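Q: Got a structure here, written out as structure tokens. Questions coming.
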Amino acid sequence: MLSPESVLAPLVSAAIEQAFGPELRGTDPVLRPSQYADVQVNAALALAKRLGLPPREVAARIVEHLEVGGICDDVEISGPGFLNLTLGDDWIGAQATALAADPRLGVPVEEAQVVPIDYSAPNVAKEMHVGHLRTTVVGDALARTLEHLGHHVVRQNHIGDWGTPFGMLIEHLLDVGEDSPAAALVETDPNAFYQAARAEFEGDEGFATRARARVVALQSGDEATLVVWRRLVARSQNYFNTIYRRLGVTLTDADLAGESTYDHDLAAVCAELVEAGIAVESDGALCVFLDGYTGREGKPLPLIVRKSDGGYGYATTDLATVRHRVRTLHADRMLYVIGAPQSLHLEMVWATARLAGWLPDDVEVVHVKIGNVLGDDRKILRTRSGAPLRLMSLLDEAVAAARGVLDEQQPPLDEATREVVAPQVAMAAVKYADLSVAHDSEYVFDLARMVAPTGNTGPYIQYAAARLHSIFRTAGLSPAEATAPLRADSPAERALCLALLEHGNVVTAVGLTLEPHRLCAYLFDLAQAFSQFYEHCPVLKAPDEETRDARLALCAATLRVMVSGLDLLGIESPERM
Ligand code: ARG
């Protein structure tokens, strides 16, 4: 462990034990960032009450036993009994040097768990809305981060590819002709296709009858129907994949585990629930009534697992996902990256799965709640005309906005570079804006702010990385060649080294809390620390060669941590901007 906190915490704990006896083994040393030093120890205050001693005396006895020679330059008791620890510059430089030499840049490898992550999950022949954008981006950042921490991530893209609307969609596809421009809409403007099918269903009784018969044919495995259905799904996949590729999302066709894949499990799910006495018939439907779940007027709220017409719904399919992920995928920890409003649904599904024995206590299951994306009017983001937003055009707008920012730059980049960099900046802007807000809170989608090269934005961090690249271009050196020991001599170098030392803790914390915004905040702080350094510490014009080499090595380490962190967020780092 390289961060000051992880090095100091066990030493302070040991001092407490030495001073006050073995019954205090494992006492939390309560380390906090300090205003006056590098680290503040607050343990003495809590211990004083417990020991019946004045806090300053407790602090003094801890100091007596504290062995931080070679680490801290100064240990001071202050105020009512805080300890202020000031780290030695040499120690900081040595720790930062160790980080720079570590291929993992201070990020520990955790004991591997199997972690299925349910994310993205758009619906076939429907537009992906901004909610899907968000679960896609957050889910992908979590998948990348957990993989980096050593876990076996199993991506599960639970697309909506089954159910009653498919009768109408298939009939419509056959009516317009599979090779017609109207059919091609599935890949370019899926909502237009869906709406056209819907209009026929509502306006044409004959069509509606055919559509209903088609659902029955689909559900009963009619091969001719399945062939058309597969082609429809494949066209939608092309649409999703275009979006995923543009966004740099790691999902592939191999990760598809749509609703249809559980179809053959649903009867068994219901049968097992009946057999275990968990599901009961109620008004012709098969329902699970769970303790503590009541609806309006205190009436018990059912989880409907089979409708009165014999059909299965969303709840049944999700019960099957739990069963499959535990039984077949051997999940240790399961994440459902899904809209916050679906939390009641998930809770009831999990409670039922627990009763049925499908979800053992040692398997952790987490709803990573996704908050809404809002427009200027603070309502769910839509187009100006109120129509649902086309994600593809939203991405186009982002590229145009990023292009505008690049065009304004002085000196301007050459045309070919701008062409390549604009989409990289645009996706960074959109993804960072999404990831830097706690995933369960709302945010206002504001392209102008997102693409800005200043402020807490993705492009700001990309610029910092590009500036680092340009230092090495000017030096005629590759960052890998800058391997001198790092030094923390001046305040700006010291602060940048300290920022680097937090890297491992931050990535670990993201894996634990499933909060990518912590990594965003860290990278923003790191970019700011770099910009302070860049302002105060000449690198190529350093006063002597040793300083220049140390600063180049510091730049190289900063660049690698930045690029690696952006990569965990799914954001590219252009070398020139
Ligand atoms: N397809 C659903 C929607 O668009 C989301 C599915 C989320 N995943 C799940 N296992 N329920 O709202």
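The values are calculated or read from the model by the stated rules, or taken from the named source; none is laboratory data. Model, not experiment: these values are computed from the prediction. Virtual Cβ from ideal backbone geometry, glycine too; neighbours counted across all protein chains shown.
Q: Given the residues Pro388, Pro341, which is the only one that is within 13 Å of the ligand (Cβ to nearest atom), surrounded by fewer than 21 Cβ atoms within 10 Å (Cβ to Cβ) and part of a loop (DSSP other than H, G, I, E, B)? Spell out the reasoning first.
A: Details: Pro341 fails: part of a loop (DSSP other than H, G, I, E, B).
When all the criteria are applied, what remains is Pro388.
Q: Tell me which of these Asp446 doesn't satisfy, since it passes every other one: (1) surrounded by fewer than 19 Cβ atoms within 10 Å (Cβ to Cβ); (2) at pLDDT 95 or above.
A: (2)
Q: Return a yes/no flag: does region 275-297 have any residue that is in a helix (DSSP H, G or I) and small (Gly, Ala, Ser). Reasoning before the result, please.
A: Taking region 275-297 first, the residues in a helix (DSSP H, G or I) are 275, 296-297.
Next, only the ones that are small (Gly, Ala, Ser) stay: none.
Checked against the condition, which is being in a helix (DSSP H, G or I) and small (Gly, Ala, Ser), region 275-297 yields no hits at all.
Q: What number goes with the only condition from (1) surrounded by 21 or more Cβ atoms within 10 Å (Cβ to Cβ); (2) of a type outside the set (Gly, Ala, Ser); (3) out of contact with any His (no Cβ under 8 Å at 6 or more places or on another chain) that Asp544 does not pass?
A: (1)
Q: Would it be correct to say that Ala426 is at negative phi and buried (at least 23 other Cβ atoms within 10 Å of the Cβ)? Write out each step before concluding.
A: Values: at negative phi: yes; buried (at least 23 other Cβ atoms within 10 Å of the Cβ): yes.
The answer is yes for Ala426.
Q: Given the conditions (1) closer than 22 Å to Lys126 by Cα; (2) surrounded by 17 or more Cβ atoms within 10 Å (Cβ to Cβ); (3) acidic (Asp, Glu), and given that Asp332 satisfies all but one, which numbered condition is not satisfied?
A: Result: Asp332 fails condition (1) only.
Q: Residue under question is Val349, and the condition is that it be at pLDDT 95 or above, within 12 Å of the ligand (Cβ to nearest atom), surrounded by 18 or more Cβ atoms within 10 Å (Cβ to Cβ) and not in a helix (DSSP H, G or I); does it hold?
A: On the way: at pLDDT 95 or above: yes; within 12 Å of the ligand (Cβ to nearest atom): yes; surrounded by 18 or more Cβ atoms within 10 Å (Cβ to Cβ): yes; not in a helix (DSSP H, G or I): no.
Considered against the rule, which asks whether it is at pLDDT 95 or above, within 12 Å of the ligand (Cβ to nearest atom), surrounded by 18 or more Cβ atoms within 10 Å (Cβ to Cβ) and not in a helix (DSSP H, G or I), Val349 comes out as no.
Q: Suppose we keep only residues that are of a type in the set (Lys, Arg) and part of a helix (DSSP H, G or I) within region 313-338. Which one would you say is farthest from the ligand (Cβ to nearest atom)?
A: In the first step, residues of region 313-338 are kept if they are of a type in the set (Lys, Arg); the result is 323, 325, 327, 333.
If we keep only those that are part of a helix (DSSP H, G or I) as well, we get 323, 325, 327.
Details: Arg323: 12, Arg325: 10, Arg327: 16 Å.
Checked region 313-338; the qualifying residue farthest from the ligand (Cβ to nearest atom) is Arg327.
Q: Could I ask something else about it? Which of the residues that make up region 365-405 are at pLDDT below 90 and among the acidic types (Asp, Glu)?
A: Asp376, Asp377
Q: Step by step: first the residues of region 492-541, then only those that are of a type in the set (Ser, Thr, Tyr) and closer than 24 Å to Arg473 by Cα, then the one that is surrounded by the fewest Cβ atoms within 10 Å (Cβ to Cβ). Which residue is that? Please lay out each step first, then the result.
A: Applying the first criterion (of a type in the set (Ser, Thr, Tyr)) to region 492-541 yields 508, 513, 522, 531, 534.
Right, trim to closer than 24 Å to Arg473 by Cα and you get 531, 534.
On the way: Ser531: 16, Tyr534: 19.
By that ranking, first place goes to Ser531.
Q: Right, another one. From the residues in region 121-170 that are charged (D, E, K, R) and under 22 Å from Ala331 (Cα atoms), which one is nearest to the ligand (Cβ to nearest atom)? Break it down into steps so the answer makes sense when it comes.
A: Taking region 121-170 and keeping what is charged (D, E, K, R), we get 126-127, 134, 140, 144, 147, 155, 161.
Restricting the remaining residues to those that are under 22 Å from Ala331 (Cα atoms) gives 140, 144, 147, 155.
Numbers: Asp140: 15, Arg144: 19, Glu147: 20, Arg155: 12 Å.
In this case the residue turns out to be Arg155.
Q: What are the residues in region 238-271 that are within 14 Å of the ligand (Cβ to nearest atom), in contact (Cβ under 8 Å) with a residue 60 or more places away in the chain and polar (S, T, N, Q), if any?
A: Ser260
Q: Among (1) more than 16 Å from Glu178 (Cβ to Cβ); (2) in contact (Cβ under 8 Å) with a residue 12 or more places away in the chain; (3) more than 24 Å from the chain's Cα centre (by Cα), where does Ser220 come up short?
A: Only one criterion in (1) more than 16 Å from Glu178 (Cβ to Cβ); (2) in contact (Cβ under 8 Å) with a residue 12 or more places away in the chain; (3) more than 24 Å from the chain's Cα centre (by Cα) is unmet by Ser220, namely (2).
Q: Wholly within region 1-108, which strands (runs of 3 or more DSSP E) include no fewer than the required count, namely at least 1 residues that are hydroxyl-bearing (Ser, Thr, Tyr) and farther than 19 Å from Val506 by Cβ? Steps first, please.
A: Details: elements: 31-33, 39-41, 72-78, 82-87.
Of the strands (runs of 3 or more DSSP E) lying wholly inside region 1-108, those with at least 1 residues that are hydroxyl-bearing (Ser, Thr, Tyr) and farther than 19 Å from Val506 by Cβ span 72-78, 82-87.
Q: Do you know which residues across region 482-540 are over 20 Å from Leu99 (Cα atoms) and of a type in the set (Phe, Trp, Tyr)?
A: Hit for region 482-540 is Tyr534, nothing else.
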